Structure formats: C-alpha cells, structure tokens
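The values are calculated or read from the model by the stated rules, or taken from the named source; none is laboratory data. Quick caveat, the model's predicted, so the values are computed rather than measured. When we count neighbours, we look across all protein chains shown, and the Cβ atoms used for this are built from the backbone with ideal geometry, even at glycine.
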Amino acid sequence: MPALFITATGTDSGKTFVSAGLLRALRGRGRRVMALKPVVTGFDEANYAASDPALLLEACGQKSDLAAIAKISPWRFPAPLSPDMAARLQGKAIDIAALTRFCSTAIIEADDALLIEGIGGLMVPLDGKTTICDLIGALNIPMVLVAGTYLGSLSHTLSALEVVQKRGLAIAALVVDETEASPVPLEAVCESLGHFCNSPIIALHRGASAHGGAFERLAELLPTPPASMA
C-alpha cells in the first residue's frame, strides 16, 4: 500500500504538523489513512492528549487515548532525549529488528495510505549503531523531508540531502516549513535549495489560510491503490 516516511533535518522542524496536515488532506479526498509514530521520547502519560501520537490519531479521525497511542507508538520513553539516550536512561534498548518488523507489517497490512513519522532528525540514533536513516532504508519507502527557514537551515538541509543521496534513498518531497520569527524569507530558502534538490519542494507558509494547498500537493504523492487492493 502507499506509504511515506516523514522525517526532518532536525528536531522541532514540524514533522507532526506536516503529518497531521497531510492526513487531513488525504481524508478530505476520501482516503483511508493510518499513522505510526513508533518511537516517542519526552512522553508524559499524564499529558498524553498533547503528545505527537495523540495529534496523529486525531488527524486520522480516531480516538486518542493511551491504549490507542500504545498501538501506534510501542516505544515510549519519558526523557526528552534522543531515543538511544532515553531508552538507556530507563535501562532499556530499542529492539531494531522488532521496530523494523512493526513498521513493515503495518506497510503490508494498511488498507490504504500509511504515514510513518520518525523522531528527531534524519540521523538521530536509535541505538548505538542505527539511525532513523537506516530504518528508512530498511523499510524501502520514500520519505518526506521537513526543513525549516531558521538561519542555518540551508546547511542542515543540504547535509541531510547529501546523506540521502549517498544512501540511495528516495525523497518524495522536501517540505520547507516556515520557522516562526525567522529573519530568512521562505521563498528565498526554497529558491536556494532548488539549486541542489531534484525532488519537489513544497513551501509551507504559517497560517491556516496559507498552507492548505501545500498539503493538497503532498496528498498527490500517495496514489490511490488499485480497486482490487482497496
């Protein structure tokens, strides 16, 4: 079934905002959607309703209680650290083989469109030797790379693009999410990145009235499965 991995150049770049917007756009087209956020850090059970998995479930039109969150986010850690650090602080380690199987099974069993949202940036460690980039490669699905417009984002984004190219991974689109209060114009960032990126670049303006068209463009990246598979 059609699937995309949502990742970013770094943490707090807008992955969940992009994922939720894309899920709503797909639902608006009558698509059946499912989302995973397999690994979560900084997870507070007492405030679960504000968590990324809860926001994704709501965007899918599903109930967002702790039981539902556990189904789409099996690896949850309270410390707001990288996954390897957060797990180690709990005396645990993420089972990469199990994580890969969890995602792969969801891809195979999805009725229609599936989004898998990563954690942190493209190269964040999951354990002592595996990164999000490795997981994307193992799943062999295209990614949506989310970047910001903050000062320095060009270098971070071009570094991420170089890693992706060297790994032979597929980028369905580069989403440039306008960073709040950034002194760098969104259009200027997109223009600069366009010299180095061959994938579609989608500019995401702040403000509800401005970003709807961007999510519709993203929705077009997930083709409708054949009727026999629907």
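Taking the condition surrounded by 21 or more Cβ atoms within 10 Å (Cβ to Cβ) and either more than 16 Å from the chain's Cα centre (by Cα) or not in a loop (DSSP other than H, G, I, E, B) (or both), does Leu114 pass? It is true that Leu114 is surrounded by 21 or more Cβ atoms within 10 Å (Cβ to Cβ) and either more than 16 Å from the chain's Cα centre (by Cα) or not in a loop (DSSP other than H, G, I, E, B) (or both). Kindly indicate whether Phe77 is at pLDDT 95 or above, out of contact with any Asp or Glu (no Cβ under 9 Å at 6 or more places or on another chain) and aromatic (Phe, Trp, Tyr). Yes; evaluated as a whole, the condition is true for this residue. For segment 50-65, taking the residues that are surrounded by 14 or more Cβ atoms within 10 Å (Cβ to Cβ) and aliphatic (A, V, I, L, M), the one that is farthest from Lys92 (Cα to Cα) is identified as Ala59. Listed by first and then second residue, the pairs with beta-carbon distance under 8 Å, at least 6 apart or on different chains, first residue in segment 178-194 and of a type outside the set (S, T, N, Q), second surrounded by fewer than 12 Cβ atoms within 10 Å (Cβ to Cβ), are Pro183/Leu151; Val184/Leu151. Within segment 71-110, the set of residues being surrounded by fewer than 16 Cβ atoms within 10 Å (Cβ to Cβ), part of a helix (DSSP H, G or I) and of a type in the set (Asp, Glu) comprises just one member, Glu109. Residue count for segment 162-188 under the criterion of being more than 18 Å from Asp12 (Cα to Cα) and part of a helix (DSSP H, G or I): the result is 8. Please find, among Arg88, Arg76, the residue that is on the phi < 0 side of the Ramachandran plot and touching a helix residue (DSSP H, G or I) at 6+ places or on another chain (Cβ under 9 Å). One residue alone meets the criteria, Arg76.
Here is the figure for segment 74-126: residues that are touching a Pro at 6+ places or on another chain (Cβ under 9 Å), charged (D, E, K, R) and within 16 Å of Leu4 (Cα to Cα) total 3.
Listed here are the residues, each with its yes/no results for (1) of a type in the set (Ser, Thr, Tyr); (2) under 20 Å from the mean Cα position of the chain (by Cα); (3) modelled with pLDDT under 95.
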residue: Thr157; (1), (2), (3): yes, yes, no
residue: Val164; (1), (2), (3): no, yes, no
residue: His205; (1), (2), (3): no, yes, yes
residue: Gly213; (1), (2), (3): no, yes, yes
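For segment 121-153: of the residues being in a loop (DSSP other than H, G, I, E, B) and free of Cβ contacts under 8 Å to residues at least 24 places away in the same chain, which is farthest from Val40 (Cα to Cα)? Filtering first and then ranking leaves Gly152.
Results for (1) surrounded by 21 or more Cβ atoms within 10 Å (Cβ to Cβ); (2) under 21 Å from Ile141 (Cα atoms); (3) of a type outside the set (Gly, Ala, Ser); (4) at pLDDT below 95, shown as yes or no for each residue.
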| residue | (1), (2), (3), (4) |
| --- | --- |
| Ala8 | yes, yes, no, no |
| Ala20 | yes, yes, no, no |
| Leu23 | yes, yes, yes, no |
| Val33 | yes, yes, yes, no |
| Pro38 | yes, yes, yes, no |
| Asp44 | no, no, yes, no |
| Tyr48 | no, no, yes, no |
